[in-house]
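What follows is a short report on a single structure.
The values are calculated or read from the model by the stated rules, or taken from the named source; none is laboratory data. None of these values were measured; they are calculated from a predicted model. All Cβ positions, glycine included, derive from the backbone under ideal geometry; neighbour counts span all protein chains shown.
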Ligand code: C2E
Ligand code: CA
Ligand code: CA
């Protein structure tokens with residue numbers, strides 16, 4: 001607005017200046033016109049008198065005088081007379097002066113009617129101007145008729161007051177000499193416009209001179225010590241005279257200044273109004289942004305901090321100190337049930353209660369906020385990890401006292417994912433939130449766990465598992481699961497009497513993946529059923545090939561996870577496959593493996609019975625470890641016990657193991673069950689096993705699991721493996 005006002009006023013000023021200048025130039029034009037017409041009128045009178053003189057042929061002193069006398073009475077001239085070519089003159093009052101040297105006389109003698117500049121009267125010494133016209137006789141100038149007027153006459157014409165008499169006018173010649181001084185206010189000019197007092201600057205002087213040369217009217221602006229003026233001028237068509245008008249600027253612009261002032265005041269007023277309005281708007285905005293802040297920073301359900309506030313504040317806190325911080329995400333176990341059973345309002349009460357308790361348990365420089373639903377974020381300081389564990393336990397204890405109402409007590413519990421903020425971890429809350437959340441979600445699959453510390457290894461394992469799960473079906477269809485065989489050796493004659501089929505995943509990118517990396521996962525997701533059948537069938541195919549090629553045959557044992565024993569038809573299915581390849585069932589041993597808990601014992605026993613009925617030898621794998629128990633043996637008739645390889649782990653107490661193995665083997669002998677020892681790695685193991693009467697050994701001491709082709713080579717080298725039926 002200020003810029004606008006500046007240009008606005010500047011524009012007004014210049015347009016006012018140009019209209020003032022037009023007005024003042026017009027005023028000088030009018031004044032100069034007045035003088036001009038006076039001169040014209042006077043010269044006209046003289047011309048007609050001259051014509052009269054010529055007509056009546058009165059061109060001598062005596063004849064002409066009566067005319068002059070009567071004419072002088074009728075007109076306002078000071079004096080009239082006739083000048084003869086020699087310069088001698090006669091006036092009506094009879095004065096004789098020689099006027100030969102006067103310019104007006106010379107001009108008129110040459111036939112030009114004219115008016116003189118201001119000269120001094122030769123008779124009375126006063127300032128006068130003289131009109132002169134030629135008198136003709138037969139078209140020849142024979143004398144000059146003249147009339148004088150006091151300079152005052154013109155003076156009076158100019159004195160017509162402008163601007164209450166404060167403006168005044170002059171007539172000057174082109175060279176600046178004053179011809180008619182003003183009636184009032186002559187303080188500027190005395191004799192010459194260009195030399196007097198130097199009130200014109202060089203620039204203005206030359207401007208005026210140029211205008212005079214071009215006989216042009218104009219206006220200039222004079223800035224004198226005491227006051228400012230406009231000087232306007234316009235040419236008079238007689239001689240080289242100019243009319244000058246001087247007008248004090250203050251007079252011309254008096255009203256304009258008033259308007260301008262009003263405009264300035266109005267502008268200032270508008271500006272002030274705008275300021276007030278602006279202040280009001282920013283005040284409103286301020287108030288509004290405060291409520292906005294409340295909306296953004298205060299949780300509408302709990303009244304505590306919001307996740308947005310948390311992130312903002314936590315960033316400040318963490319970057320300000322060397323303090324260790326843990327970022328914790330937790331949610332309420334079974335919160336959905338609380339909501340469903342007791343209603344949203346009660347659910348909200350639980351959230352409020354939690355937020356309150358949380359806030360109370362925080363220390364200076366710690367934070368807590370609700371993220372979404374029943375998800376809370378906490379920022380805790382700690383020295384040792386144990387500090388976090390203790391504080392979480394304390395918090396869980398505090399919230400466990402919650403009672404919605406005495407009749408329906410609910411025990412609140414929370415699951416926490418803990419992420420230790422390290423110096424390297426950038427303060428990216430999305431990443432931290434993800435990681436803590438990741439740990440928290442793992443808890444849901446576990447029992448009696450209420451917190452988990454996140455670490456990258458854990459995450460990688462899960463990521464790995466996810467990849468495996470994604471790819472397992474494709475791997476099966478693309479035959480990426482290969483069968484390796486590990487030979488079993490008779491401890492009586494050291495010959496190969498069997499082999500165990502062990503799966504290997506030959507992954508195109510990851511290489512050979514050992515079964516322990518995927519079997520437990522497949523047992524959890526059920527894929528093991530497919531895989532075990534696939535391996536079973538592969539073994540059947542191989543046996544068929546051996547039989548067809550006349551290769552030496554040995555019993556091959558196949559691992560069947562206990563998960564498969566949920567399927568009541570397992571025995572039928574396996575038998576069907578074996579029949580498909582027409583394998584004598586005695587050559588396929590079923591190893592019942594177990595890595596997960598198995599509850600349905602009844603079913604298991606039934607299936608074992610069926611399997612043996614079909615003729616499959618059945619063995620209990622990893623006997624003496626994990627969940628397989630001695631107790632089972634009393635109900636379960638099996639053909640083979642495979643002693644867990646842990647007994648021969650070099651790190652275990654061998655003497656103690658020996659005692660256990662000894663009694664297991666003697667018990668097996670009593671029950672007519674064959675014994676196989678797994679994980680046999682040393683000659684000492686072999687000697688010991690032989691000594692106590694174990695039947696078969698399997699382990700690195702003899703051979704590692706190997707590809708089928710290798711096994712075929714090995715067994716043919718042994719010059720015809722021995723056919724051993726376990727039946
Ligand atoms: P498992 O049934 O107890 O198989 C014997 C494991 O002991 C094999 O591990 C074998 O390589 C290893 N082993 C053999 N001799 C020695 C030794 O002298 N020292 C040591 N330290 N280890 C020895 P692998 O092949 O890694 O298989 C691991 C487990 O995966 C198996 O234990 C079995 O429970 C499971 N598994 C393997 N293949 C299958 C399958 O086709 N189906 C099912 N359900 N489980 C399978
Ligand atoms: Ca096994
Ligand atoms: Ca085993």
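Of these, 336, 357, 313, which one is over 19 Å from residue 439 (Cβ atoms), in contact (Cβ under 8 Å) with a residue 40 or more places away in the chain, in a helix (DSSP H, G or I) and more than 28 Å from the chain's Cα centre (by Cα)?
Matching residue, one of 336, 357, 313: 357.
Against the conditions (1) without any contact (Cβ under 8 Å) to a residue 60 or more places away in the chain; (2) under 30 Å from residue 169 (Cα atoms), where does residue 287 fall short? Just the number, please.
(2)
Consider only pairs whose beta carbons are under 7 Å apart and that are at least six residues apart or on different chains; among these, list those whose first residue lies in the range 619-644 and is within 22 Å of residue 498 (Cα to Cα) and more than 12 Å from ligand 2 (Cβ to nearest atom) and whose second residue is modelled with pLDDT under 80 and not in a strand (DSSP E or B).
The qualifying pairs are 639/726.
Go through (1) surrounded by 14 or more Cβ atoms within 10 Å (Cβ to Cβ); (2) closer than 21 Å to residue 153 by Cα; (3) at pLDDT below 85 for residue 74 and report which single condition fails.
Of (1) surrounded by 14 or more Cβ atoms within 10 Å (Cβ to Cβ); (2) closer than 21 Å to residue 153 by Cα; (3) at pLDDT below 85, only one is false for residue 74: (1).
Would you point out which residue out of 494, 490 is touching a residue at least 24 places away in the same chain (Cβ under 8 Å), surrounded by fewer than 20 Cβ atoms within 10 Å (Cβ to Cβ), over 48 Å from the mean Cα position of the chain (by Cα) and away from ligand 2 (no atom under 16 Å from the Cβ)?
Within the list 494, 490, the selection yields 490.
Confirm whether residue 45 is in a helix (DSSP H, G or I) and touching a helix residue (DSSP H, G or I) at 6+ places or on another chain (Cβ under 6 Å). Walk me through it before giving the result.
Values: in a helix (DSSP H, G or I): yes; touching a helix residue (DSSP H, G or I) at 6+ places or on another chain (Cβ under 6 Å): no.
Criteria not met by residue 45.
State all residues of the range 443-459 that are assigned to a helix (DSSP H, G or I) and either within 11 Å of residue 416 (Cβ to Cβ) or within 35 Å of the chain's Cα centre (by Cα) (or both); if no residue qualifies, say none.
Here is the first cut: in the range 443-459, the ones assigned to a helix (DSSP H, G or I) are 443, 456-459.
Result: 443, 456, 459.
Can you say whether residue 616 is away from ligand 1 (no atom under 16 Å from the Cβ), buried (at least 22 other Cβ atoms within 10 Å of the Cβ), at pLDDT 90 or above and farther than 16 Å from residue 530 by Cα, as far as the supplied structure shows?
In short, no.
What is the one condition in (1) closer than 24 Å to residue 617 by Cα; (2) modelled with pLDDT under 90; (3) in contact with a helix residue (DSSP H, G or I) (Cβ under 8 Å, 6 or more places away or on another chain); (4) away from ligand 2 (no atom under 16 Å from the Cβ) that residue 720 does not satisfy?
(3)
Please determine, by comparing only the residues of the range 522-542 that are touching a strand residue (DSSP E or B) at 6+ places or on another chain (Cβ under 6 Å) and in contact (Cβ under 8 Å) with a residue 40 or more places away in the chain, which one is farthest from ligand 2 (Cβ to nearest atom).
It comes out as 538.
When you scan the range 51-66, do you find a residue that is at pLDDT 85 or above, crowded, with 16+ Cβ neighbours inside 10 Å, closer than 16 Å to residue 132 by Cα and touching a strand residue (DSSP E or B) at 6+ places or on another chain (Cβ under 7 Å), even just one?
Yes, the conditions are met somewhere in the range 51-66.
Search the range 559-573 for residues that are within 16 Å of ligand 3 (Cβ to nearest atom) and pair each with any residue that is in a loop (DSSP other than H, G, I, E, B) when their beta-carbon atoms are under 6 Å apart and the residues are at least 6 apart or on different chains.
Cβ pairs passing all conditions: 562/594; 562/598.
Would you check if residue 650 is in contact with a helix residue (DSSP H, G or I) (Cβ under 7 Å, 6 or more places away or on another chain), within 11 Å of ligand 1 (Cβ to nearest atom) and either at pLDDT 85 or above or over 17 Å from residue 676 (Cβ atoms) (or both)?
No, not satisfied.
Tell me, yes or no, whether the range 374-383 has at least one residue that is over 21 Å from residue 302 (Cα atoms), outside any loop (DSSP other than H, G, I, E, B) and at pLDDT 90 or above. Can you show your working first?
The initial filter retains those residues of the range 374-383 that are over 21 Å from residue 302 (Cα atoms), namely 381-383.
Cutting the leftovers down to outside any loop (DSSP other than H, G, I, E, B) gives us 381-382.
So of that shortlist, the ones also at pLDDT 90 or above come out as 381-382.
Scanning the range 374-383 turns up at least one residue that is over 21 Å from residue 302 (Cα atoms), outside any loop (DSSP other than H, G, I, E, B) and at pLDDT 90 or above.
Report whether or not residue 611 is within 16 Å of ligand 2 (Cβ to nearest atom), at pLDDT 90 or above and over 30 Å from residue 681 (Cβ atoms).
Taking the combined requirement at face value, the residue satisfies it.
May I ask you to list the residues in the range 668-693 that are over 16 Å from residue 644 (Cα atoms) and either out of contact with any helix residue (DSSP H, G or I) (no Cβ under 7 Å at 6 or more places or on another chain) or surrounded by fewer than 14 Cβ atoms within 10 Å (Cβ to Cβ) (or both)?
669, 670, 671, 672, 683, 684, 687, 690, 691
If a residue counts only when it is within 11 Å of ligand 1 (Cβ to nearest atom) and touching a helix residue (DSSP H, G or I) at 6+ places or on another chain (Cβ under 9 Å), which helices (runs of 4 or more DSSP H) contained entirely in the range 491-610 have at least 3 such residues?
Numbers: elements: 519-525, 528-549, 570-580.
In the range 491-610, the matching helices (runs of 4 or more DSSP H) lie at 519-525, 528-549.
Just one of the numbered conditions (1) modelled with pLDDT of 95 or more; (2) more than 30 Å from residue 617 (Cα to Cα) is not true of residue 486; which one?
(2)
Restricting the search to the range 1-33, which residues are in contact (Cβ under 8 Å) with a residue 60 or more places away in the chain, surrounded by fewer than 16 Cβ atoms within 10 Å (Cβ to Cβ) and within 30 Å of residue 131 (Cβ to Cβ)?
none
Going by the structure shown, is residue 477 out of contact with any helix residue (DSSP H, G or I) (no Cβ under 8 Å at 6 or more places or on another chain), within 23 Å of residue 622 (Cβ to Cβ) and away from ligand 1 (no atom under 15 Å from the Cβ)?
Values: out of contact with any helix residue (DSSP H, G or I) (no Cβ under 8 Å at 6 or more places or on another chain): yes; within 23 Å of residue 622 (Cβ to Cβ): no; away from ligand 1 (no atom under 15 Å from the Cβ): yes.
When the stated conditions are applied, residue 477 does not pass them.
Mind listing just one residue for me: the one in the range 543-579 that is under 16 Å from residue 500 (Cα atoms) and within 16 Å of ligand 2 (Cβ to nearest atom) and, of those, surrounded by the most Cβ atoms within 10 Å (Cβ to Cβ)?
557
For residues that are touching a residue at least 40 places away in the same chain (Cβ under 8 Å), over 17 Å from residue 591 (Cβ atoms) and within 16 Å of ligand 3 (Cβ to nearest atom), tally how many sit in the range 665-693.
Counting residues in the range 665-693 that are touching a residue at least 40 places away in the same chain (Cβ under 8 Å), over 17 Å from residue 591 (Cβ atoms) and within 16 Å of ligand 3 (Cβ to nearest atom) gives 1.
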